[in-house]
1. Looking only at the range B:63-79, filter to residues that are within 24 Å of A:Q42 (Cβ to Cβ) and either within 14 Å of chain A (Cβ to nearest Cβ) or more than 10 Å from the chain's Cα centre (by Cα) (or both); which one of those is most open to solvent (accessible area, probe 1.4 Å)?
2. How many residues are assigned to a strand (DSSP E or B), open to solvent by 60 Å² or more (accessible area, probe 1.4 Å) and at the interface with chain B (Cβ under 10 Å from one of its Cβ atoms) when one looks only at the range A:2-59?
3. Do you know which residues across the range B:21-59 are under 12 Å from B:L75 (Cα atoms) and in contact with a helix residue (DSSP H, G or I) (Cβ under 9 Å, 6 or more places away or on another chain)?
4. Test of understanding: among B:S105, B:S31, B:S97, which residue is in contact with an Asp or Glu (Cβ under 7 Å, 6 or more places away or on another chain), polar (S, T, N, Q), at pLDDT below 95 and open to solvent by 10 Å² or more (accessible area, probe 1.4 Å)?
5. Is there any pair with a first residue in the range B:93-113 that is under 17 Å from B:T51 (Cβ atoms) and within 10 Å of chain A (Cβ to nearest Cβ) and a second that is part of a loop (DSSP other than H, G, I, E, B) and modelled with pLDDT under 90 whose Cβ atoms are under 7 Å apart and which are 6 or more apart or on different chains, and what are they?
6. What's the number of the only condition in (1) surrounded by fewer than 17 Cβ atoms within 10 Å (Cβ to Cβ); (2) out of contact with any His (no Cβ under 7 Å at 6 or more places or on another chain); (3) more than 13 Å from every other protein chain (Cβ to nearest Cβ) that B:T20 fails to meet?
7. Could you grab me the full set of residues in the range A:1-54 that are basic (K, R), more than 14 Å from the chain's Cα centre (by Cα) and more than 22 Å from B:G106 (Cα to Cα)?
Amino acid sequence: GAVVSQHPSWVICKSGTSVKIECRSLDFQATTMFWYRQFPKQSLMLMATSNEGSKATYEQGVEKDKFLINHASLTLSTLTVTSAHPEDSSFYICSAFPADVPRRTEAFFGQGTRLTVV
Amino acid sequence: KNQVEQSPQSLIILEGKNCTLQCNYTVSPFSNLRWYKQDTGRGPVSLTIMTFSENTKSNGRYTATLDADTKQSSLHITASQLSDSASYICVVSERDSSYKLIFGSGTRLLVRP
């Protein structure tokens, strides 16, 4: 099946620094990717929709200047957490739909990135 | 408001036993319903996807049912194994131009030996 790869799988950074998380679709093209955040024992919360070649669409309450999203190609989207604070510590997951799948039935998720801000 | 609700929140069963997880949704217009398994610290992995016209779908020991009239779905796990311990998430998508998925809060299943 299709594979979505996230990197890194975990990262520890100092408060005030920035962290970049990559999401790659390895064997399909994805015009749209999604970024989620998940807190312990909670379900995934959509942060933003990443569109190839255009600006990302952010969900209400998500600061676009803090969570920078770049979708420069059909196989890569990046999420940069700027000026990270301890409350940004969470599990970040991306997902992607193959561009050629009719009715957009299948979504593939990355393995997630555990961010810890100290 | 489009919502997906799952029950129970958590469940403990003995290895080899069967269990059924429930999902109710209010998403409209409906496109499809998915069940995902998420191991701790990992991304979700798809188990089944069902469209409006499908009533049941199986994937090994996992069988999902869908009643689009009552907007209910269930995931039945047969002969549970220790490796089935995970969170099971019900996800519904709207029949529109976006790719947005609406997630349930999940059921945390623990299978004990």
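1. Taking the range B:63-79 as the starting set, the residues that turn out to be within 24 Å of A:Q42 (Cβ to Cβ) are B:64, B:71-75, B:77.
Still in the list and also either within 14 Å of chain A (Cβ to nearest Cβ) or more than 10 Å from the chain's Cα centre (by Cα) (or both): B:71-72, B:77.
Working: B:K71: 66, B:Q72: 86, B:I77: 0 Å².
Per the criteria, the residue is B:Q72.
2. 3
3. B:K37
4. Working: B:S105 fails: in contact with an Asp or Glu (Cβ under 7 Å, 6 or more places away or on another chain); B:S97 fails: in contact with an Asp or Glu (Cβ under 7 Å, 6 or more places away or on another chain).
Result: B:S31 is the single residue among B:S105, B:S31, B:S97 that is in contact with an Asp or Glu (Cβ under 7 Å, 6 or more places away or on another chain), polar (S, T, N, Q), at pLDDT below 95 and open to solvent by 10 Å² or more (accessible area, probe 1.4 Å).
5. Pairs that qualify, where the first residue is under 17 Å from B:T51 (Cβ atoms) and within 10 Å of chain A (Cβ to nearest Cβ) and the partner is part of a loop (DSSP other than H, G, I, E, B) and modelled with pLDDT under 90, are B:S93/B:K100; B:R95/B:P29; B:Y99/A:F97; B:L101/A:A107; B:I102/B:N2; B:I102/B:V27.
6. B:T20 satisfies every listed condition except (2).
7. Residues of the range A:1-54 that are basic (K, R), as a first pass: A:14, A:20, A:24, A:37, A:41.
With the extra rule that they be more than 14 Å from the chain's Cα centre (by Cα), the set shrinks to A:14, A:41.
Answer for the range A:1-54, where residues must be basic (K, R), more than 14 Å from the chain's Cα centre (by Cα) and more than 22 Å from B:G106 (Cα to Cα): just A:K14.
The values are calculated or read from the model by the stated rules, or taken from the named source; none is laboratory data. Keep in mind the model is a prediction, meaning the values are calculated, not measured. Please note: Cβ atoms are built from the backbone with ideal geometry, for glycine as well, and neighbour counts cover all protein chains shown. Note: areas computed on protein heavy atoms with side chains; ligands, DNA, RNA excluded. Shrake-Rupley method; radii C 1.70, N 1.55, O 1.52, S 1.80 Å.
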